[in-house]
Amino acid sequence: MSADVKPVDIEPVEEFRLRARRWLRENMPLAGPGYRRGLTTLPDEEELAEVAEERRLQRLLWDGGFAGLCFPTEYGGQGLTQAHADAFNKELAGYRYPFRFQIPTIVPCAAVLLEFGTHEQKLAHIPAILRGDELWMQFLSEPGAGSDLAGSRTSAVRQGDDWVLNGSKIWTTGAWWSDWGLCLARTNWDVPKHRGLSVFMLPIHQPGIEISRIEMLNGSKEFCQEFLTDVVVPDSDRIGAVDDGWTVATRWLFHERSIHSSPLTLRPAVASGGHESYGEGGASLLELAEVAGRLDDPGARELVGEAHVLKAAQRELDRRVQATIAGRKGSDQLVSLSRLMQGVVSTRLTTIGYELAGADAAAWADDDEAVGARGVNYLTRQVACVGGGTTEMARNAIAERVLGMPRELALDRGVPFREVRSGSAGGAAARG
Amino acid sequence: MKLDLTADQELLLDTTRRYLADVVPTAVLRKLRDDPDGYEPGYWSTGAELGWTSLLVAEEHGGGSVSDDGLGDLALVAHEFGRAAAPGPLLTTNVVAGALSRAGGDAVAETLGALCAGESVAAWCWSEPRPKGGFGGIEAVAEPAGGDWVLSGVKSPVEHGAQADLFLVTARSGDGLVQLLVPAASAGVTVTPLKTLDVTRRFARVAFDAVRLPAAAVVGEPGGAAAEVERQLVEALVIQTAEMVGALDKAFELTVAWANDRYSFGRPLASYQALKHRFADMKMWLEASHALADAAAVAARDEPARAGELASVAKAYVGHYGPELCQDCVQLHGGIGLTFEHDLHLYLRRVAVGAALLGTPRDHRLRLADLVERRRDERKAEA
Ligand SMILES: Cc1cc2nc3c(=O)[nH]c(=O)nc-3n(C[C@H](O)[C@H](O)[C@H](O)COP(=O)(O)OP(=O)(O)OC[C@H]3O[C@@H](n4cnc5c(N)ncnc54)[C@H](O)[C@@H]3O)c2cc1C
Ligand SMILES: Cc1cc2nc3c(=O)[nH]c(=O)nc-3n(C[C@H](O)[C@H](O)[C@H](O)COP(=O)(O)OP(=O)(O)OC[C@H]3O[C@@H](n4cnc5c(N)ncnc54)[C@H](O)[C@@H]3O)c2cc1C
């Protein structure tokens, strides 16, 4: 981040805040009613139009000198601090912003590049990302390796100055309109699984990569699976040392788990009564209770209060975790607490939304899409506990890495990966 | 508990921790179970010397904090009280002392001197038994009579009501609230000790039957005490949640140690994933509870407009997940967790009592819903 910049050189936060406020007012389009962010179910042309618009917004930030607030200036960032990022997020409330760039392009992909890339690799890609030219994807999960990422079977074989990749990646959200992939692959099958991995970056749209789209249960077709056939990647696009990909992947997962609190991403504060809130707290659920005619029902009011409590708890826990890690008073592994909390709080809020909406979320009229969306959200509730690493894996990490409890028995420990067993469900279900 | 402490705060914490460990180890707490006061004479005045009673009191009244953040300092002490399940009228005396010091005037000087020295105890009489208006409802009434005031009503449960020399009583007066400082020996005051779940903390029911008091007994503006009462409630909740979190911290620590030491089927309990996942959830509740209790203390200092909100958020969260965490600790101990001999119940008691007093989680969720609605209405009015 910006540890190399002396604090004296940095613009005072309040001056920065005012400059940002002015600039946003003059340049950034307002979010307006009906503005959506997050997983959407749009026809392809509309989806592509939104992607193009977000590239434009990212370019706007770049031209205005507000792209990559906490990235080093050397790579096109602004070299500012978390306090500046917090101030900007507050000012950003109510404006549109390049949502799709935040995750996974900036965090974790750009964060991983920043940490492990060579100077040339960073120069080649970080400014391009901050300019809005490159959208990145994580090529981590495979049909047979999700939670057990180190069991990756996509193979990379050395050929002169190049590597040749074969295999399949899955569950990438939006790969069909993205540009680059950060890819975990196996470079050595004769050592235990963690010691035979390497990380590469590759353009997604090239002849050796076939992308097929997977329909989610809510009708979204953003999920993709990629089939890699003899894809050639120059060795200069390898990130980190050969067979040392797990070192990169470990930090990669750390960045992924801190997505909701990283200073690198933009997260406009949602205005609620003049106070910052952490996304949807009680306010929108109160509206929902009112629409449902339940504003006088103490049961409904209690649910609104509960939602408010949980959002605040998530926000304060994230702050505590970040402060503990930043102050070196606890290990990086504490981010698993944030990851678990996010899953637990998000699912509960979705359930509360569905309950408050009542029958209208199960069957709704055309002009009632907002309430109907509560029902559809409910069907995909568990996305919050699966995507980005499951909550079970977070619980394992908390128990083992934070509390120091004994590790789970692993039958593949110390065994050359070639000899490790895999089950019949490995990927068979992926293509239906 | 807070992450960044000043050297003075570390000292306050350390002396409190060592004093409690020396004087009220858990074996002593068990013996105090039948003691009517819940603590030995001398325990409280020595604690007062360590600073327990003066943190919310202005320097001119003989008080003073160690960090310019008296409530934050007191929250640290309360956290240690929770970790030790320590006896004594910590919450009740401090809330009254803070209120008297803010009200100021000549009359409070002597009273505050005795409270700060630990020579006398004051009880905060706010809660009423099953108030008709719901949580926070006040039915006690105080009316001017000649130059005097006459107070009638019932307060319960009053923390250390039977040990207190003074009561700070919240009552209705006309359209507003009034607070009166009532000597325990006044005619018309009846104190009835209550049975309680806590081993050493005591509660009482205090009835005021046409108690006649001089005008000087009024603290602050008669009829205009609502904002001050709300502030006292926030302070009480900050102390209460800090103490509950301290107790949770200790209960969790004991249980993690137990799970590592106890074996079944040839392996430690801590090696079973079914139990590890429960520990992970408990750790999350615990850390969120720490974070919220701290945030409430910080808001009380820095952001008066959000102090009530964060105090209610902290109480609603800690009051719900805290008892769950403690019960899980009992469960994971197996049979031994249900014995009087084991320490675990000392913390379970403190947390369970805290959850029920000064508003249940439900009360605070409803308070927050009201707040969310009020803000929404204000926003609409602005637009
Ligand atoms: C919306 C969404 C977006 C995603 N985006 C991406 C992306 O961009 N890039 C990418 O690479 N991946 C992505 N993923 C994939 C995601 O990371 C995986 O789905 C996730 O890591 C789980 O892997 P899996 O689906 O193979 O399930 P599995 O690993 O097979 O797990 C199945 C179940 O078993 C549990 N389980 C597995 N192992 C253990 C264990 N040791 N202990 C306890 N429980 C266990 C899991 O918690 C889960 O409940 C996305 C997923 C979703 C839902
Ligand atoms: C009110 C009461 C009455 C009782 N009456 C009798 C009686 O009359 N006669 C008698 O003989 N006993 C009696 N018991 C004892 C009771 O059967 C035991 O307490 C119980 O079997 C648990 O054993 P434990 O206390 O040794 O706990 P432990 O076995 O040490 O267990 C501690 C915790 O670890 C968990 N745990 C242990 N092993 C595993 C595992 N493999 N996987 C996952 N979790 C695990 C347990 O579920 C528990 O939560 C009584 C207990 C109580 C509370």
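The values are calculated or read from the model by the stated rules, or taken from the named source; none is laboratory data. Predicted model only: the values in this text are computed from it and were never measured. Neighbour counts are summed over all protein chains in view; Cβ atoms, including those assigned to glycine, are modelled from backbone coordinates with ideal geometry. Calculation scope for accessible area: heavy atoms of the full protein, side chains included, ligands and nucleic acids excluded. Shrake-Rupley method; radii C 1.70, N 1.55, O 1.52, S 1.80 Å.
Here residue A:417 meets the list (1) surrounded by 19 or more Cβ atoms within 10 Å (Cβ to Cβ); (2) within 14 Å of chain B (Cβ to nearest Cβ); (3) of a type outside the set (D, E, K, R); (4) more than 23 Å from the chain's Cα centre (by Cα) almost entirely, failing just condition (2).
When we screen A:189, A:180 for residues that are within 15 Å of ligand 1 (Cβ to nearest atom) and either in contact (Cβ under 8 Å) with a residue 24 or more places away in the chain or open to solvent by less than 10 Å² (accessible area, probe 1.4 Å) (or both), the only hit is A:180.
Considering the range B:187-207 alone, what residues qualify as being part of a loop (DSSP other than H, G, I, E, B), surrounded by 15 or more Cβ atoms within 10 Å (Cβ to Cβ) and in contact with a strand residue (DSSP E or B) (Cβ under 9 Å, 6 or more places away or on another chain)?
Just the residues of the range B:187-207 that are part of a loop (DSSP other than H, G, I, E, B), to begin with: B:187-188, B:194-202.
Those left that are additionally surrounded by 15 or more Cβ atoms within 10 Å (Cβ to Cβ): B:188, B:196, B:198-202.
Result: B:188, B:196, B:201, B:202.
Looking for something modelled with pLDDT of 95 or more, open to solvent by 10 Å² or more (accessible area, probe 1.4 Å) and within 16 Å of ligand 2 (Cβ to nearest atom) - is there at least one such residue anywhere in the range B:229-240? Checked against the condition, which is being modelled with pLDDT of 95 or more, open to solvent by 10 Å² or more (accessible area, probe 1.4 Å) and within 16 Å of ligand 2 (Cβ to nearest atom), the range B:229-240 yields no hits at all. Screening residue A:384 with (1) surrounded by fewer than 17 Cβ atoms within 10 Å (Cβ to Cβ); (2) more than 14 Å from chain B (Cβ to nearest Cβ) gives one miss only, at (1).
Which residues, counting only those in the range A:359-381, are in contact with a Phe, Trp or Tyr (Cβ under 8 Å, 6 or more places away or on another chain), closer than 27 Å to residue A:172 by Cα and open to solvent by less than 50 Å² (accessible area, probe 1.4 Å)? Scanning the range A:359-381 gives A:372, A:374, A:375. Going by the structure shown, is residue A:149 away from ligand 2 (no atom under 16 Å from the Cβ), more than 26 Å from residue A:418 (Cβ to Cβ) and open to solvent by less than 50 Å² (accessible area, probe 1.4 Å)? No. The residues of the range A:358-404 that are among the aromatic types (Phe, Trp, Tyr) and free of Cβ contacts under 8 Å to residues at least 24 places away in the same chain amount to a single one, A:364.
Taking the range B:281-303 as the range and being of a type in the set (A, V, I, L, M) and within 11 Å of chain A (Cβ to nearest Cβ) as the test, the residues that pass are B:282, B:284, B:286, B:288, B:291, B:292, B:293, B:295, B:296, B:298, B:299.
Pairs meeting the criteria (first residue in the range A:126-141 and open to solvent by 10 Å² or more (accessible area, probe 1.4 Å), second residue within 16 Å of ligand 1 (Cβ to nearest atom) and hydroxyl-bearing (Ser, Thr, Tyr), beta carbons under 7 Å, at least 6 apart or on different chains) are A:138/A:172.
Output the helices (runs of 4 or more DSSP H) that fall wholly within the range A:351-432 and possess 2 or more residues being more than 23 Å from residue A:41 (Cα to Cα), or say none. Those helices (runs of 4 or more DSSP H) span A:391-397. Screening residue B:272 with (1) open to solvent by 10 Å² or more (accessible area, probe 1.4 Å); (2) closer than 16 Å to residue B:355 by Cα; (3) of a type in the set (Ser, Thr, Tyr) gives one miss only, at (2).
In this structure, is residue B:142 touching a helix residue (DSSP H, G or I) at 6+ places or on another chain (Cβ under 6 Å) and surrounded by 24 or more Cβ atoms within 10 Å (Cβ to Cβ)? Against the criterion (touching a helix residue (DSSP H, G or I) at 6+ places or on another chain (Cβ under 6 Å) and surrounded by 24 or more Cβ atoms within 10 Å (Cβ to Cβ)), residue B:142 does not qualify.
Before we move on, is residue B:251 under 30 Å from residue B:332 (Cα atoms), in contact with a Leu (Cβ under 8 Å, 6 or more places away or on another chain) and either open to solvent by 30 Å² or more (accessible area, probe 1.4 Å) or part of a helix (DSSP H, G or I) (or both)? For residue B:251, the condition - under 30 Å from residue B:332 (Cα atoms), in contact with a Leu (Cβ under 8 Å, 6 or more places away or on another chain) and either open to solvent by 30 Å² or more (accessible area, probe 1.4 Å) or part of a helix (DSSP H, G or I) (or both) - is met. Looking across B:366, B:357, one residue alone is more than 16 Å from ligand 1 (Cβ to nearest atom), open to solvent by 30 Å² or more (accessible area, probe 1.4 Å), in contact with a Lys or Arg (Cβ under 7 Å, 6 or more places away or on another chain) and touching a residue at least 60 places away in the same chain (Cβ under 8 Å). It is B:366. For the range A:284-301, the tally of residues that are at the interface with another protein chain (Cβ under 7 Å from one of its Cβ atoms) and open to solvent by 40 Å² or more (accessible area, probe 1.4 Å) stands at 1.
Tell me, yes or no, whether the range A:135-143 has at least one residue that is within 13 Å of ligand 1 (Cβ to nearest atom), among the aromatic types (Phe, Trp, Tyr) and more than 14 Å from chain B (Cβ to nearest Cβ). Looking through the range A:135-143, at least one residue is within 13 Å of ligand 1 (Cβ to nearest atom), among the aromatic types (Phe, Trp, Tyr) and more than 14 Å from chain B (Cβ to nearest Cβ). The number of residues in the range B:271-287 that are near ligand 2 (Cβ under 10 Å from one of its atoms) and in contact (Cβ under 8 Å) with a residue 12 or more places away in the chain comes to 2.
Can we say residue B:262 is on the phi < 0 side of the Ramachandran plot, open to solvent by 10 Å² or more (accessible area, probe 1.4 Å) and over 23 Å from the mean Cα position of the chain (by Cα)? Criteria met by residue B:262. The one condition from (1) more than 13 Å from ligand 2 (Cβ to nearest atom); (2) surrounded by fewer than 23 Cβ atoms within 10 Å (Cβ to Cβ); (3) at pLDDT 95 or above that residue B:315 does not meet is (2).
Within the range A:48-77, residues that are β-branched (Val, Ile, Thr) reach partners that are modelled with pLDDT of 95 or more with beta carbons closer than 9 Å, at six or more positions or on different chains, in the pairs A:51/A:135; A:51/A:177; A:51/A:178; A:73/A:79. Restricting attention to the range B:261-280, the residues that are facing chain A (nearest Cβ under 7 Å) and either of a type in the set (Asp, Glu) or in a helix (DSSP H, G or I) (or both) add up to 7. Every test in (1) in contact (Cβ under 8 Å) with a residue 40 or more places away in the chain; (2) under 17 Å from residue B:211 (Cα atoms) is passed by residue B:99 save one, and that test is (2). Residue count for the range B:1-20, restricted to those that are more than 18 Å from residue B:245 (Cβ to Cβ), of a type in the set (A, V, I, L, M, F, W, C) and surrounded by 14 or more Cβ atoms within 10 Å (Cβ to Cβ): 1. For first residues located in the range A:162-174 and on the phi > 0 side of the Ramachandran plot, partners that are away from ligand 1 (no atom under 16 Å from the Cβ) and open to solvent by 20 Å² or more (accessible area, probe 1.4 Å) and lie 6+ apart or on another chain with Cβ distances below 8 Å form the pairs A:167/A:155.
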